[in-house]
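Okay, structure first, notes after.
Here, each number is a calculation from the coordinates, and none is a lab measurement. Note that this is a predicted model, so its numbers are computed, not measured. Every residue, glycine among them, receives a Cβ derived from its backbone with ideal geometry; neighbour counts consider all protein chains shown.
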Amino acid sequence: MTPTLPIRVYITFLLGALLVFGQVRAQVGQVLQVVKGKKVTLRADADHALSYVWFKDDVPLSGTHEQRIIVTDPGVYTVMALGDDCISDLSDPVRIVLDDRGTDVEVDLEIRNLPDKRTIGVGNTVAVQLIIFNKGVETAEDVVATFTIPPELSYSRIIGSYPGEVNYVESERKLYWRQPSLEGKSSAMLWLEVVGAANGSAVTLAAVSAKQRDRMQGNNTDDARIDIVQLIIPNVFTPNGDGLNDYFRIVGLSLFPGRRLTIYNRWGNNVYRSEQYENDWGGSGLLEGTYFYVLELTDETGRSSTYKGAVLIIRDRIQ
């Protein structure tokens, strides 16, 4: 009589070509559901084994004596280990069945990155709306949206209510918005606020992913450009008709809904005034020389700021 190996043999399996690769020890009556056409690697574990005999539905598989086999057909798989003049007990079975749907579960998520302003001043805020659409019919699971904030902007706060949970990681300059699920043919929305931190063009990036594979990955990201402008008031302009620097032009002026400009000469007389300045003062009727301005700006929140300084008018053409 051939003795049996003292160690029981177990089957572990490795799912191939699936989203999540895992390896677990089979239990008695273990059922593994796989999509048609996918491969499953079965591996036997037994100490001191020299070779193996694999069975499908209690029938030996011809030519399968390795520790691992790759299978695609449904059925009940078992294995027996062979040693020096001994054999193991038959392993616990693993039953492989085909998914009735016959295809992978896929989703179709889309994200929109929608700032309410495309140009702001340093220190001004912009509200950004993030919208996730589940355009498919399947429920998306473990939905994660990220929003990356460039150095020209700084994170301020979340506006209003939202589904799921949100946290901002300063070291990554990234906001994470997590939802356990998003039903098919539905959407979710989040508002957040950022602040202009430095002059330049900032490109924010929103991205979304789910546990399932996305069939249309081209709409999983969306970027948006926001220009941040530093207010710059010139100290000289040359209204000589050459088309260059002919007006007292203030960079960033259009960012302020209220913009009153008053100009005085060196004797304190008011020589120009505009309740809504449009960068259109050319010093008409005035001599060359130094003049003094008072610029009163009101931003979109109603906050007012006053700037005072001198500006030199030069009419002679520079040779």
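Over the chain, Cα pairs under 8 Å with separation of 6+ residues give a relative contact order of 13 percent. Think of each Lys and Arg Cβ as +1 and each Asp and Glu Cβ as -1; about the Cα centre, that makes the dipole of the chain roughly 980 debye. Remark: the range 106-229 carries a charge dipole of roughly 180 debye about the Cα centre, counting +1 on each Lys and Arg Cβ and -1 on each Asp and Glu Cβ. Neighbours of GLN179 by Cβ distance under 13 Å: Lys/Arg scored +1, Asp/Glu scored -1, total -2.
Legend: ranking of residues THR298, THR204, THR262 from fewest to most surrounding C-beta atoms inside 10 Å; resulting order THR298, THR262, THR204. The alpha-carbon of LYS211 sits under 25 angstrom from the alpha-carbons of these lysines, leaving out residues fewer than 8 places away in its chain: LYS36, LYS38, LYS39, LYS135, LYS174, LYS185.
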